[in-house]
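Scroll down for the structure; my scribbles are underneath it.
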Amino acid sequence: MKPNKLSISIMNGLIESIDNSDISEIIIDGTSSCFENAYIIPGIVDAHAHIIGLGENLNTIRLEKAKSKSELIQLIKKIDTIEGWITGRGWNEENWDDKDLHRLDLDSISSETPIFLVRVDGHAAWVNSKALEVSGINNLTANPKGGSIQKDTEGNPTGILIDNAIELVRDNIPKVSNERIKKYILDACYECLRNGITEVHDMDVHLNHLQAYKELDNDNLLPIRLVQYIRGFDGEYKQLQPRPYFGNNLQIIGLKFYADGALGSRGALMIDKYNDAETYGLELISSDELSERASEGCDNGWDIAVHAIGDKANRNVLDVYQKLRNDNYKNILRIEHSQLVHPEDIKRFSDLNVFASVQPIHCTSDKNMAIKRLGEDYKFAYPWKTLLDFNTILIAGSDFPIEAHNPFFGLDSFINRKALNEEETWQKQETLTLEDALNSYCYTPHLATRNSNSGSLEIGNRADITIIDNDLNQSNNIKNTKVLATVSNGTLTKHL
Ligand SMILES: [Zn+2]
């Protein structure tokens, strides 16, 4: 697979003909659109991301960028009041001259509307007097277990709440309305479309949000295909969505579980101790419990996706999957992240027919942190080429909004494997060819969803197509690729 100049004609949402051409052209039901200096690839899939998270991000003002208290106050003035509250996230007073934070600072913005602002690390909140008042917090309120209400010398709350004290206020914020959730979903989907993404595997979808997705899909308003994996760990789905669901552009097909945490916070579960701490990481679910919940899910027709970052977590999940295969389950099984895989476990992915769902950009964002956690000698991190060499099916995503949703950043990481602001390729032996990288973004994700008429430009296939200004032959220029237009399910959207 590589970008080509093609003329593609589309009828009723399906590809009707494909020809080589001097100029890229899309003909829909007889109407032609030409694109100068443009190249065509099948529609890009993001095989692990969070749609509502991106929608929320697009609708919030990022407070991280405030470099002083007064800058923060100016930013907050721009935040829309939703359901009677002003909420925000990301403030960080670390480098401010004035680190003295008080509810009165926020009262200057509004004394009538409650204001609730979470610190960048999520461990503190800064609120105004109105938020304290509606939450019933005053000079007599005792600290909750695991939390503290900061008070001044006279014993009055300052408006700074730590850890579990944050919940005393958060519990009073009205739930986001269905209409608002729909706005988040649509904003995120259109943002994907602008970036050439025609399908997202939407992970950890909250059961409370399924209704909004289904309503949008019933009204045929989803501009890209969403394939969803709902939270499986608490078993709540058995009441609310007991079986998979297939709509127009919405498919709810999988259960998502967590085997361990993240590498940065030393939550990834490792076979050997961390290089920089006396810990092996965290096991978030026992193999017995995962085994039980996964086979119960399989019995009800669900595919299974398990988050595993550490090499021990990957091994544990493969053990569980081995059991499922021994019990003759044919369901799709995937490991989300597959970041650190012991060489003895690599071959088990293809033996057990397990998809490795990887996010290449995590590697280039986290390289230096990973070396600290694992030590210089650790050789099994982000083993893309090794997995491929053992016939594993790699599917690629970004994990947005945790990372950037631009898929060309991920393609660049696959091919160049260079950490941010570094010129040197890290572990060149694990880089991918352009062909393999594109395959993991455009073709193989459809194998994980059984949508067999997608992923390649062939007559009769669903017309999901990305049109770009770059033939991707210059590896140093992949990041700068512009998406000129996207065809999703036979509908053309031009972006420039
Ligand atoms: Zn994720």
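For the range 388-412, the residues whose backbone nitrogen is under 13 Å from a point 7 Å from the Cα of GLN427, taken along Cα to Cβ, are 388. For the pair GLN239 and GLU376, label points projected 7 Å from Cα toward Cβ lie 5.6 nm apart. Given the pairs LYS77/LYS479; LYS214/LYS482; LYS69/LYS479; LYS78/LYS479; LYS2/LYS494, which span a C-alpha to C-alpha distance of over 27 angstrom in this model? Table pairs above 27 Å Cα-Cα are LYS77/LYS479; LYS214/LYS482; LYS69/LYS479; LYS78/LYS479.
Proximity of backbone amide H atoms, modeled 1.01 Å from N, is registered between ILE395 and ALA356, SER357, VAL358 at under 5 Å, excluding neighbours fewer than 5 places apart on the same chain.
By the gyration tensor of its Cα atoms, with a ≥ b ≥ c the square roots of the eigenvalues, what is the shape of the range 56-208: rounded for a/c under 1.5, prolate for a/b over b/c, or oblate? Here the range 56-208 falls in the prolate category. For the range 277-433, the calculated P(r) over all alpha carbon pairs, in 5 Å bins from 0 to the bin holding the longest distance, is 2, 9, 18, 21, 19, 15, 9, 5, 1, 0 percent. Taking GluC sites (Glu not before Pro) across the range 1-86, the ones in a DSSP loop with at most 10 further Cβ atoms lying within 10 angstrom of their Cβ are GLU36. Quarter the surface of the alpha carbon convex hull of the range 84-170 and you get the mean projected area, 5.6 square nanometres. Calculated on the alpha-carbon coordinates, the convex hull of the range 298-342 measures out at 59 cubic angstrom per residue. Quarter the surface of the alpha carbon convex hull of the range 132-210 and you get the mean projected area, 8.0 square nanometres.
Between the beta carbons of ASN172 and LEU58, assuming R0 = 35 Å, the FRET efficiency works out to 0.85 to the nearest 0.05. Heavy atoms of the protein chains alone define the surface here; on that basis the range 178-454 has 39 Å² accessible area per residue at 1.4 Å probe size. Neighbours of PHE390 by Cβ distance under 14 Å: Lys/Arg scored +1, Asp/Glu scored -1, total -3.
Using Cα-only point scatterers and the Debye equation, what is log10 of I(q)/I(0) for the range 178-454 at each q in 0.08, 0.14, 0.16 Å⁻¹, rounded to two decimals? Listed by q, the Debye log ratios stand at -0.32, -1.02, -1.32. Its alpha carbons considered, the range 223-323 gives a radius of gyration followed by a Dmax of 15.4, 50 Å. Normalising by residue count, the range 1-144 has a Cα convex hull of 225 Å³ per residue. Compared with the alpha-carbon gap, the fully stretched path from LYS151 to HIS495 is longer by 118.6 nm at 0.36 nm per residue. Kirkwood radius, the chain, all distinct C-alpha pairs, inverse of mean reciprocal distance: 24.4 Å.
The values are calculated or read from the model by the stated rules, or taken from the named source; none is laboratory data. Computed from a predicted structure; not experimentally measured. Methodologically, a virtual Cβ is constructed for each residue, glycine included, from the backbone with ideal geometry; neighbour enumeration extends over all protein chains shown. Please note that ligands, DNA and RNA were not included when accessible areas were found on the heavy atoms of the full protein model with its side chains. Shrake-Rupley method; radii C 1.70, N 1.55, O 1.52, S 1.80 Å.
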